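*Asks:* After the structure tokens below, expect a handful of questions from me.
The values are calculated or read from the model by the stated rules, or taken from the named source; none is laboratory data. Here the structure is a predicted model, which is why all the values come from computation and not from measurement. Positions of Cβ are generated from backbone atoms using ideal geometry, with glycine treated the same way; all protein chains shown enter the neighbour counts.
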Amino acid sequence: MIEESEEEVGDVGRSPFIPILGLTLVLLVVIGFQTFIFYMDKELIDAAKKNQESTFVGSKKVRLQLDSIARETARLAKSGNVNAQAIVQQLQRQGITISQKAGSVR
């Protein structure tokens, strides 16, 4: 009688459908969550880029103004202005070259 009850317990067949369904649902939830997180990160990156755009435009304006000042200072130095010559020499010592072309400062 003991042998019969052990055989009955061993013969109980379980379908793999429920565990596979559970794993599939968990996988879908994880993939959905990761997709949501990636989307939110993309939105944050786009917002940061948009916020930096005005700063970039402002820095470009300042750079063009500094380029104009440097060109005019170099022009004054060539015409003999002692103070402008001192400024140009100091800029050269610091490794800054003044280009005579508009919009190109190195």
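*Asks:* When the range 62-90 is examined, which residues are found to be surrounded by fewer than 11 Cβ atoms within 10 Å (Cβ to Cβ), within 37 Å of the chain's Cα centre (by Cα) and β-branched (Val, Ile, Thr)?
*Replies:* VAL62
*Asks:* Scan (1) charged (D, E, K, R); (2) touching a residue at least 24 places away in the same chain (Cβ under 8 Å); (3) loosely packed, with under 10 Cβ neighbours inside 10 Å for the single condition ARG93 breaks and write down its number.
*Replies:* Exception for ARG93: condition (2).
*Asks:* What do you reckon, is SER59 part of a helix (DSSP H, G or I) and surrounded by fewer than 10 Cβ atoms within 10 Å (Cβ to Cβ)?
*Replies:* No: the conditions fail for SER59.
*Asks:* Kindly list the number of the only condition in (1) touching a helix residue (DSSP H, G or I) at 6+ places or on another chain (Cβ under 6 Å); (2) assigned to a helix (DSSP H, G or I) that fails for ILE98.
*Replies:* In the conditions (1) touching a helix residue (DSSP H, G or I) at 6+ places or on another chain (Cβ under 6 Å); (2) assigned to a helix (DSSP H, G or I), ILE98 misses (2) alone.
*Asks:* With respect to ASN51, determine if the residue is assigned to a helix (DSSP H, G or I), touching a helix residue (DSSP H, G or I) at 6+ places or on another chain (Cβ under 9 Å) and of a type in the set (S, T, N, Q).
*Replies:* It is false that ASN51 is assigned to a helix (DSSP H, G or I), touching a helix residue (DSSP H, G or I) at 6+ places or on another chain (Cβ under 9 Å) and of a type in the set (S, T, N, Q).
*Asks:* Right, another one. Go through the range 1-35 residue by residue and tally those that are of a type outside the set (Ser, Thr, Tyr) and at pLDDT below 75.
*Replies:* 11
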